[in-house]
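Colleague: I have a structure here, written as structure tokens, and I will follow up with some questions on it.
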Amino acid sequence: MQVEVITLFPDMVEQGLSAGVPRIAREKRALQLSVRNPRDYADNPHRAVDDRPFGGGPGMVMQAPPVVASIEAARAALPQARVIAMSPQGTPLTQAWLQHLADVPELILLCGRYEGWDERIMPYIDVEISLGDFVLSGGELAAMALIDGVARLLPDVLGHKDSAKEDSFVEDLLDCPHYTRPASWRGVSVPELLLSGDHARIRQWRLQQALGATWLKRPDLLGRLTLCDEWEALLADFIEQQQSVRKVQA
Ligand code: 9D3
């Protein structure tokens, strides 16, 4: 996948995606990233790309000419690309979106700064994507989050060890608890079952813990799923155990 990020902070994006999984994706050429600065397309001697809003009000607005010149230059490099604007007005990013985007060969991501951009850039945008209902100071962290989430889905980046693919349920549920050595630490032992070598029961315990964690912490996620009888029974059992724990505590 080839990605062009249009940003006033190219170093931030370049640096943020040069560690961990995105770095591996780039080294394996599964992800080819380039950054482009609208300042390089400003036609004034101070290379200004923002100006005061018509109609008054606080802050500055990114100007249409350098932003659209950047998009058009990125388009020349990536002719098939969809143009995604990172924007608090966008549709919220989900795992389903990431899975869709992981199949797209070329992407252009536009990052805003200041109060946003001149509305006249909108005809050059295919879709607006947000990270959620909270306020960031610009689109760069959102673009980096999107690229990070896509990078780990690209073929041959994580290989078979990808724990996200090992168990098909994990995409829809919260994670189960994890433990590693030491087996006993500060008087707290790892659940015995995990040391038993009984992989069928371990798998079932993990699924039950994932169902239980989702029920406790994110009931909204459970509401969107229809559970099969086996999962329903595992969750019912978890809830029962939870209620006896609560009674002992009370
Ligand atoms: C406080 C400023 N707001 C005035 C009502 C508007 C505003 C302008 C620019 C809010 C945020 C931003 C910068 N944000 C992004 O570029 C952004 C973002 C976000 O803020 N939240 C979630 N996802 C995203 S994607 C890009």
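The values are calculated or read from the model by the stated rules, or taken from the named source; none is laboratory data. Just so you know, these numbers come straight off a predicted model, no measurement behind them. All Cβ positions, even for glycine, are placed from backbone atoms using ideal geometry, and neighbour counts span all protein chains on display. For the accessible areas, the whole protein counts, side chains as well, though only heavy atoms, and no ligand, DNA or RNA atoms are used. Shrake-Rupley method; radii C 1.70, N 1.55, O 1.52, S 1.80 Å.
Colleague: Skipping prolines and chain starts, which residues have an amide H placed within reach, meaning under 5 Å, of the one on residue 128, given they are 5 or more residues away or on another chain?
Modeller: Amide H to amide H, under 5 Å and 5 or more residues apart or across chains, residue 128 pairs with 85, 91.
Colleague: I need the phi-derived Karplus couplings for the stretch 104-111: 6.51 cos²θ - 1.76 cosθ + 1.60, θ = phi - 60°, integer Hz, Gly and Pro marked x.
Modeller: Result, ordered by residue: 8, x, 9, 9, 10, 10, 9, 10 Hz.
Colleague: Where only protein heavy atoms count, and the probe is 1.4 Å, what is the accessible area per residue for the stretch 138-250 in Å²?
Modeller: Details: 7720 Å² over 113 residues.
Heavy-atom SASA per residue in the stretch 138-250 reads 68 Å².
Colleague: Quick query: amide H of residue 5 versus all other amide H atoms, modeled in the peptide plane; which residues come in under 5 Å with a sequence gap of 5 or more or a different chain?
Modeller: Amide H to amide H, under 5 Å and 5 or more residues apart or across chains, residue 5 pairs with 34, 35, 36, 109.
Colleague: State log₁₀ I(q)/I(0) for the stretch 27-93 at q = 0.12 Å⁻¹ as given by the Debye formula over alpha-carbon point scatterers of equal weight, solvent excluded.
Modeller: -0.45
Colleague: Given R₀ = 35 Å, what would the calculated FRET efficiency be for residue 23 paired with residue 241, taking r from the Cβ atoms and rounding to 0.05?
Modeller: Details: r = 42 Å, r/R0 = 1.20.
After rounding to 0.05, the efficiency reads 0.25.
Colleague: Next up: So if I place +1 on the C-beta of Lys and Arg and -1 on the C-beta of Asp and Glu, and nothing else carries charge, what would the dipole magnitude of the chain be about its Cα centre? I want it in debye, nearest 20.
Modeller: 680
Colleague: Which residue, 190, 135, 61, tops the fluctuation ranking in a GNM of the chain built on C-alpha contacts under 10 Å?
Modeller: 190
Colleague: Now a separate question. Quick one: how many Å² of residue 39 are accessible to a 1.4 Å probe, rounded to 10?
Modeller: We get 70 Å² for residue 39.
Colleague: For all pairs of alpha-carbon atoms in the chain, what percent lies in each bin of width 5 Å, listed from the first bin to the last filled one?
Modeller: 1, 5, 11, 13, 14, 12, 10, 9, 8, 6, 5, 4, 2, 1, 0
Colleague: Sticking with this one: Please identify which residues in the stretch 169-204 have an amide N closer than 12 Å to a label point set 7 Å out from the Cα of residue 225, following the Cα→Cβ vector.
Modeller: From the stretch 169-204, the list is 169-176.
Colleague: Sort 230-236, 197-203 for me by packing, meaning the mean count of neighbouring Cβ atoms within 10 Å per residue, highest on top.
Modeller: Going by the mean number of other Cβ atoms within 10 Å, highest first, we get 230-236, 197-203.
Colleague: Treating only the Cβ atoms of Lys and Arg (+1) and Asp and Glu (-1) as charged, compute the dipole magnitude of the stretch 104-250 about its Cα centre; round to the nearest 20 debye.
Modeller: Dipole size: approximately 840 debye.
Colleague: Would you mind telling me the share, in percent, of accessible area of the chain contributed by carbon and sulfur at probe 1.4 angstrom? Provide the component values of the computation, followed by the final result.
Modeller: Values: 7880 of 15270 Å².
Roughly 52 percent, rounded to a whole number.
Colleague: Here's a follow-up. For the chain, modelled as a Gaussian network with Cα springs under 10 Å, which listed residue fluctuates most, 175, 43, 220?
Modeller: Maximum fluctuation in the GNM of the chain, among the listed residues, is at 220.
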